[in-house]
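Below: the structure, in structure tokens.
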Amino acid sequence: MVSALAGQTDALLAQASRVGGNSAPAALIARVARVGELRSAALLALALHRIGLRACSLDPHEMGLVAEGDPLDSDLVDVNAPEIWKHLAAHDVVVVPGFIATHADHGVVTLGRGGTDLSAVFFAASLQAHRVRLIKDVDGVYAEDPASNPKAPRYAELSYAGAEKASSGLIQVKAIHAAEADNVEIEVASLGSSGATRIARTEPRFAPSAVSRPLRVSLLGHGCVGAGVLEYLLANPGRFEVGPVLVRDPAAHCANAMFSSDVDEVLAFDADILVETIGGADAPVEAMRAALLGGAEVVTANKAALARHWDSLRASARRGGGGLRFSAAVGGSVPVIEALRRIGGIGAIEGVTNGTCNFVLCRMAEGWTFADALAEAQAQGFAEADPSADLDGHDAADKLSILMREAFGTAVPPSAIAKQSLRDLALDAATEASAAGRVLRQVARCDRRPMAASWPMFAWSRCRSTIRWPRFAMKKTGSL
């Protein structure tokens, strides 16, 4: 559920006022105001499709979303829930615009200021979800405006009535009333925030006070990812104190931070958080171990280092009291690791884990040659200059090794996982699969299951050992 991009609704309303004047019909103004949400929904669906997700965008008339009342402040009354479920079954993500709906008399209406809140609550109730999360520019509801008072306490929980009083326009009042009527819990959070305010039938409770001093952060690496992290840290000086940034050649970097080629100098900063962005299976490991032994939180997306040095990194964290944070190593922004830990009792894992291979196979199914598809992946930034880790399966094997650790507590090194390379595919394999109504994907999979007494390996005597390794392979499937 999306709203318009920042400032667009105001700009559209101002434009409608300039063109239509003071006597402009509200129903026509609503037709102008709706454009922002329609644009946001379509753009998000395009962005999701580009990264390999099956995404679609539904307009109000396509899902039977109906409202009644004033054209600029209507109330939602109906939606075709089975139609939405049908699209959810066929897609990874369904994007819908908030704030707008159809109307029997006016054709198109809006739901008033903050109407996307009402849309989200209404959809949650209609689809029988008990909770909805509203993403705002603050990480919850505060007792005072945090922009005016940075020390204002944040509520951990609020009643519906309390939220109406305390939110001061942060949440649409109609949405709060609708949530209370349908017993839908509201979470108010900011994008990427771990904190949130829960609004339900509960007593008010403040969240624990945040750390008063800025967090001390050091960086290993200043490439594309490292530079982005550094930019964010420097833009929030009240929250972060930035230490030395480890690079090969400090003179090659601008003077917006302290750069050093001495890893000991970086570690001597005694950071609360060490962010590793160097990459490579071995290069950053000693620094990561040292930081963990010193009690720091180490944040990394380096799947190769994790898969190969899991035991020593975990041991360093236990010994020193540090923490190893690596959710982005598998799944990027998708919380795969968190889901495994939360669910428990996993029997099998199967997934498309490498974006480069996915992109190349999609293009080959469209008739592209392997070389052209790979060149395009490199041009768009999906593939490295040396794509061997992706194409030959090492990247997927690293991820699968980490997933098996988390899901099963089983140590299977990447070198022990059987692999198939995209380079070994027949030139017409992808197009043949496409012509047959199927698709070709690089699929990583593993499972843990009891074996029958007839299993061939049970014939081995007790004093001998044998191993059945998990694997990943090319797979034809009937859906993306």
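The values are calculated or read from the model by the stated rules, or taken from the named source; none is laboratory data. Model, not experiment: these values are computed from the prediction. Positions of Cβ are backbone-derived with ideal geometry, glycine not excepted, and every protein chain shown enters the neighbour counts.
Identify, by number, the condition in (1) closer than 11 Å to residue 218 by Cβ; (2) out of contact with any Asp or Glu (no Cβ under 7 Å at 6 or more places or on another chain); (3) touching a residue at least 24 places away in the same chain (Cβ under 8 Å) that residue 259 doesn't meet.
(1)
How about the range 156-171: which of its residues are farther than 29 Å from residue 334 by Cβ and part of a strand (DSSP E or B)? Show your work before the answer.
First pass over the range 156-171, keeping only residues farther than 29 Å from residue 334 by Cβ: 158-169.
Matches in the range 156-171: 158 only.
Taking the range 164-175, which residues are β-branched (Val, Ile, Thr) and crowded, with 23+ Cβ neighbours inside 10 Å?
Correct list: 171 only.
Return the residues of the range 172-207 that are under 12 Å from residue 155 (Cβ atoms) and assigned to a loop (DSSP other than H, G, I, E, B); say none if nothing qualifies.
Of everything in the range 172-207, those that are under 12 Å from residue 155 (Cβ atoms) and assigned to a loop (DSSP other than H, G, I, E, B) turn out to be 195, 196, 200, 202, 203, 204, 207.
As an exercise: evaluate residue 195 against (1) out of contact with any Ser or Thr (no Cβ under 9 Å at 6 or more places or on another chain); (2) modelled with pLDDT under 90; (3) in the same structural domain as residue 291 (by TED's automatic domain parsing) and give the number of the one condition it does not meet.
All conditions are met except number (3).
One line per residue, one yes/no per condition, for (1) over 25 Å from the mean Cα position of the chain (by Cα); (2) surrounded by 19 or more Cβ atoms within 10 Å (Cβ to Cβ); (3) acidic (Asp, Glu):
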position	(1), (2), (3)
96	no, yes, no
123	no, yes, no
127	no, no, no
159	yes, no, no
162	yes, no, no
188	no, yes, no
193	no, no, no
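Yes or no, residue by residue, for (1) under 30 Å from residue 440 (Cβ atoms); (2) modelled with pLDDT of 95 or more; (3) not assigned by TED's automatic domain parsing to the domain that holds residue 101:
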position	(1), (2), (3)
23	no, no, no
35	no, yes, no
50	yes, no, no
61	no, yes, no
64	no, yes, no
69	no, yes, no
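If a residue has to be surrounded by 12 or more Cβ atoms within 10 Å (Cβ to Cβ) and out of contact with any helix residue (DSSP H, G or I) (no Cβ under 8 Å at 6 or more places or on another chain) to count, how many in the range 337-347 make the cut?
Residues meeting the conditions: 1.
Failed condition for residue 352, given (1) aliphatic (A, V, I, L, M); (2) in contact with a helix residue (DSSP H, G or I) (Cβ under 7 Å, 6 or more places away or on another chain); (3) crowded, with 19+ Cβ neighbours inside 10 Å, with all others met?
(3)
Please indicate, with yes or no, whether at least one residue in the range 130-141 is among the charged types (D, E, K, R), in contact (Cβ under 8 Å) with a residue 60 or more places away in the chain and touching a strand residue (DSSP E or B) at 6+ places or on another chain (Cβ under 8 Å).
Checking the range 130-141: at least one residue is among the charged types (D, E, K, R), in contact (Cβ under 8 Å) with a residue 60 or more places away in the chain and touching a strand residue (DSSP E or B) at 6+ places or on another chain (Cβ under 8 Å).
Have a look at 112, 64, 140, 69 and point out the one that is buried (at least 19 other Cβ atoms within 10 Å of the Cβ) and either over 25 Å from the mean Cα position of the chain (by Cα) or charged (D, E, K, R) (or both).
On the way: 64 fails: buried (at least 19 other Cβ atoms within 10 Å of the Cβ); 140 fails: either over 25 Å from the mean Cα position of the chain (by Cα) or charged (D, E, K, R) (or both); 69 fails: buried (at least 19 other Cβ atoms within 10 Å of the Cβ).
Checking each option against the conditions leaves just 112.
From 271, 200, grab the single residue that is hydrophobic (A, V, I, L, M, F, W, C), assigned by TED's automatic domain parsing to the domain that holds residue 160, under 30 Å from the mean Cα position of the chain (by Cα) and at pLDDT 90 or above.
It is 200.
Which residue is farthest from residue 374 (Cα to Cα), if the candidates are limited to the range 389-420 and must be in a loop (DSSP other than H, G, I, E, B) and in contact (Cβ under 8 Å) with a residue 40 or more places away in the chain? Walk me through how you get there before you give the answer.
As a first pass, look at the range 389-420 and keep what is in a loop (DSSP other than H, G, I, E, B): 392-393, 409-413, 417, 419-420.
With the extra rule that they be in contact (Cβ under 8 Å) with a residue 40 or more places away in the chain, the set shrinks to 393, 411-413, 417, 419-420.
Values: 393: 15, 411: 33, 412: 30, 413: 28, 417: 24, 419: 19, 420: 17 Å.
Among them, the one singled out is 411.
Can you tell me which residues in the range 21-50 are buried (at least 16 other Cβ atoms within 10 Å of the Cβ) and free of Cβ contacts under 8 Å to residues at least 12 places away in the same chain?
The answer is 49, and nothing else.
Can you report the number of residues in the range 237-255 which are modelled with pLDDT under 90, assigned to a loop (DSSP other than H, G, I, E, B) and over 16 Å from residue 272 (Cα atoms)?
3
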